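Encoded as structure tokens, the structure appears first; notes follow it.
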Amino acid sequence: MSDTSFPDAPRADAQDKVRGALRYAADDARPGMAHAALAVAAVARGTVWRIDAAAARAVPGVRLVLTHEDLGGVKPPGFIMGGGYGFQSIQPLTSPQVAYRGQPIALVVADSPEAAAEGARLVRADLAAEPHQVTLDTPEADIVAQADSPLPKPMFADVTVGDAAAALADAAIRIEAEFRHPAQHQSPIEMLSTVAEWRDGHLTVQEGTQNAEAIRHGLARQLEIEPARITVLSPSAGGGFGQKNSLQAHTVLAAEAARRLERPVKLVVSRAQVFHGGSFRPASRHRIRLGADAEGRMTALVHETDSQTSRHDLFPTQYTELSSRLYGIGNFRGRERLVRNDVQTPGYMRAPYEHPAAFAVESCVDELAYRLGRDPVALRLANDAAADPVTGRPYSSRHLAECLRRGAARFGWERRSMAPGSMRAADGALVGWGVAIGAYKAATAPAVARLRLLDDGTVTLGVGGHEMGQGMRTAIAAVLQRRLGVDPGRITVEIGSTGATPQHLTAGSWGTATVVPATDEACDALLRALDALPASRTPAERLRAAGRAFLEVEVSRRAPGQPEAVIGRLATGLPAAAGPAYPEFVSFSHVAHFVEVRVEPTTCRIRVPRIVSVADCGRVVSPRTAASQLRGGVVWGIGAALREVSEVDPRHGGFLNADLAEYVLPVHADIGTIEVEFVDEPDPRLNRPGVKGLGEVAMVGVAPAIANAVHHATGKRLRSLPIRVEDLL
Amino acid sequence: MDRTPDEPSDTPGAVSRRPLMIGAALAAAPLAPPGIAAPARAQDAGDGRLRVNLTVNGEARQLSLDPRASLLDTLREGLALTGAKKGCDHGQCGACTVHLDGRRVASCLTLAVQADGRAVTTIEGVAREDDELHPMQQAFIDHDALQCGYCTPGQIMAAIALVREGRAGSAEEIREYMSGNLCRCGAYAGILAAIQDAAPKMRGA
Ligand code: FES
Ligand code: FES
């Protein structure tokens, strides 16, 4: 199935989406629905010593107020990176402690959204504030060296290859620099929202998520009931980007309110509250030392990081997974540290480690090119890796050089003049052309796929995965169409809801490489089963000829090298993905970005009129949605480089710009031409269809390509994101 | 990257970041008591609720409303028209864009009682009688101008209004006048292409 490219096809759920007919969680609107709103703490750390909900309870239509005084019995969910299910280990409203500004302290439930909102505004709390720390630079910070922490090893051990110190000492050229990345928020347009309902002791939760099984098993833990008594429905999420990868803090509150009121409860967390109600990309600091010989062969790299975590959890980092493997550098030393702050636990946001790490490394590589007087594309090609530098194993596939060559040709890179400030547009704007590369692990999760063919020719495929806009339904349909010859109108894809097949977390760009091979193997099993039936023209006719109403097969699939025990983790909603290092090989997706910036000479306003991006994500199963995903990743890179920062005031804690006007996302007017292209070479060593991931690699390297282009335009090296006009004035 | 263009005052229908932010500031002020918030035509139903008459997607509806209710919540919770989405509830994202007497508004910033006696069109009401897609809807599919789809109803409503406002003249103009509608998935290139494709078809229709 990996032999030929897949044809262009429309997005499977596009019809419903353009009609406004697709149902997201909060679209459940029924008579009898109760509406909930949260009241939150206005101190950065402290204790609730008195909470007065009388005024809230007096609002007409308010039916229930929950505070820590009456939420008895609800247990903490456990931290997703510590054997649990929650984005953080603590559960608001189960104690008077306030660990961070914006932490929920009360839930108000009413007959209407208006009454709930008014009630929440009227909750009065007296809070005893305690000293707090909310930034990386805080004096006397509690800093945890990850290597010495209880975090599991070798997963979170420091990466060491060769002797970086010695190689650095011997290097003809040394680049040293420090980079800063701010906290940022994922900000999917669908806010955190839950509809919870109990019927005959069974809880049904509707919530847009990347991890329905974690919600189910986490709620079972929190409410101390059997997971079999919980169903989580998430057929479509309105974006996730890592924020929706686990059980949120508000979900159990909606469930508990629904239980007490004996009616369905809808809780849509307000946009301001989402900034504190879910995870965020932690602020990080990166110190890089890069050594090269006089010919430009990179010989040593040291990458030291500090990254925010919360007081109550260690959110681990893997920034050096990218830096140790982006090039074939023989001597590497990484060291990752976590800085404890009084914040909600940070978490995953698209390319969580790879994007900040690539910003640091790829900026230094560009600087090296200028120190050597060497073309930045040529320098990168000369330092490509032949094998994985950390394990010595071969790559299952690596087409980074191809990405660079194709991108350079399409962009017209040969017309670039090397000197900073040497290119101008007709209107006098400074023109800068920059390049950078990116990589992202090609991970795989275990999956169970169930495929059913009916005698009317319709096909239903259930597998563990979540649709959040990346196009998973479309990719699965493309496989079914190719393998079974069934047209899209006869395909039903059941993903994102618990109950049928186990729903593994969809994150880490392993979605396609998980569900496509599983679907492919389910097709094998079905075709084998059909072989036993009398021959006929189509599969449906064979069924009919055999007098069978349907045929159903189930396959279970693990990543290369995974033990059988991972299926148990899969069944209990725990993360169970493998990669990038598999027993026989190492797998990454790669990308090269070429960026043009224009800097207006007096105002120094930066525009990005043009980007060319070429990605290697193995075989592209759904060309149309993949192109959109790559463009979307580029838009994210533009946002990260030039716009997005979650502002923090050390005096007050929390995030200041907690809305969509002040947390500045890229808008239409910020986006110019984005040309994308795929190498589209299958990686059959990783899986038979030859697919790797795309969602995150798409973004990796965009920010440094922009920073390098700004340097090319202006001569300024900017090492702190986002880059702003004032940095150039 | 001019994200807050000075908008000519003769284009009240355009939704860009600046006017939306002004609107958001107003919305953040304490709500006025019902008697003041409600326009004269809305009838007090006697229980603190107001009786209003709207035309929604061509259908006359009489509703008894909480005067605090936004048009968005009224459409979604009261009429089960959930095509318009809530992405911020503050006029900052455009996901709730609907047409009020043919002009685009952020329905989260519009009190439902303000729509009394007026015509509301939502995404559910733009397809033709025979259920054939509006050219803008079809163009969004053809150019894959969406990913998660959550901003999509608002983008389409804004895009249809933008063409009618005569603001689809150039790529630059479209980008400016669509900048009140955020797409976190980053489908902007597809949306631009879809509008450029649908605009002549709409004019011809
Ligand atoms: S929900 Fe109305 S503009 Fe965001
Ligand atoms: S399609 Fe997801 S926000 Fe626009």
Suppose accessible area is computed on protein heavy atoms with a 1.4 Å probe; arrange A:81, A:33 from highest to lowest. A:81, A:33
Net charge near residue A:66: determine it from the other residues with C-beta under 10 Å of the C-beta of residue A:66, scoring Lys and Arg +1 and Asp and Glu -1. -2
What length, rounded to one decimal in nm, is gained on full extension from residue A:261 through to residue A:21, with 0.36 nm per residue of separation minus their alpha-carbon distance? 83.4 nm
Quick one: the Cα spread of the range A:5-154 along its three principal axes, in angstroms, biggest first? 57, 55, 31
Taking the convex hull of the alpha-carbon atoms of the range A:443-571 and averaging its shadow over every direction gives an area in square nanometres of 7.9 nm²
Neighbourhood charge, 13 Å Cβ-Cβ cut-off, centred on residue A:521 and excluding it, Lys, Arg +1 and Asp, Glu -1: +3
By a straight-distance test (C-alpha under 20 Å), which lysines pair with residue A:692 as possible cross-link partners, with residues fewer than eight away in the same chain excluded? A:441
Just for the protein assembly as shown, what percent of DSSP beta bridges are antiparallel, to the closest 5? 75 percent
When each of A:17/A:244; A:153/A:716; A:17/B:201 is checked by Cα-Cα distance, pairs over 30 Å: A:153/A:716
Would you calculate the convex hull of the Cα atoms in the range B:135-204 and tell me its volume per residue in Å³? 68 Å³
Interchain or sequence-distant (5+) residues whose placed amide H lies within less than 5 Å of the amide H of residue A:418 are none
Count, for each residue of B:172-183, the Cβ atoms from other chains sitting within 10 Å of its Cβ, then give me the mean as a whole number. 4
Carbon/sulfur fraction of accessible area - the protein assembly as shown, other protein chains in place, 1.4 Å, %: 50 percent
When you count, for each residue, the other Cβ atoms within 10 Å and take the mean per peptide, how do A:507-515, A:410-418, A:592-600, A:85-93 rank with the highest first? A:507-515, A:592-600, A:85-93, A:410-418
Protection proxy (average C-beta count within 10 Å per residue), highest first, orders A:327-336, A:695-704 as A:695-704, A:327-336
Compute the accessible area per residue over the range A:359-404, keeping the other protein chains in place, probe 1.4 Å, unit Å². 30 Å²
Interface burial for A against B (accessible surface, 1.4 Å probe, total of both chains, Å², rounded to 100): 5000 Å²
Just the number please: accessible area per residue for the range B:135-204, 1.4 Å probe, all protein chains included, in Å². 25 Å²
Per residue, how much accessible surface does the range A:162-203 expose to a 1.4 Å probe? Answer in Å², no decimals. 37 Å²
Please quote Rg/Rh for the range B:30-125 to two decimal places, taking the Kirkwood radius as Rh and restricting both calculations to Cα atoms. 0.94
Just the projected area, averaged over all directions, of the convex hull on the alpha carbon atoms of the protein assembly as shown: how many nm²? 37.9 nm²
I want the antiparallel fraction of DSSP beta bridges within the range A:443-571, as a percent rounded to 5. 75 percent
Tell me the relative contact order for the range A:466-579 as a rounded percent, counting alpha carbon contacts under 8 Å between residues six or more apart. 27 percent
How high is the relative contact order of chain A, in percent, with contacts defined as C-alpha pairs under 8 Å that are six or more residues apart? 17 percent
What average number of partner chain Cβ atoms lie no more than 10 Å from the Cβ of the residues making up A:510-519? 0
re the range A:302-369: pairs of Cα atoms spaced beyond 21 Å account for a percent value of 28 percent
Averaged over A:658-665, number of beta-carbon atoms from partner chains that fall within 10 Å: 6
Determine which aspartates and glutamates satisfy two conditions relative to residue A:75: a Cα distance under 16 Å, and not lying fewer than 8 residues away in the same chain. A:224, A:226, A:256
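The values are calculated or read from the model by the stated rules, or taken from the named source; none is laboratory data. All values derive from a computational prediction rather than experimental measurement. Neighbour counts are summed over all protein chains in view; Cβ atoms, including those assigned to glycine, are modelled from backbone coordinates with ideal geometry. Heavy atoms of the whole protein, side chains included, go into the accessibility calculation; ligands, DNA and RNA do not. Shrake-Rupley method; radii C 1.70, N 1.55, O 1.52, S 1.80 Å.
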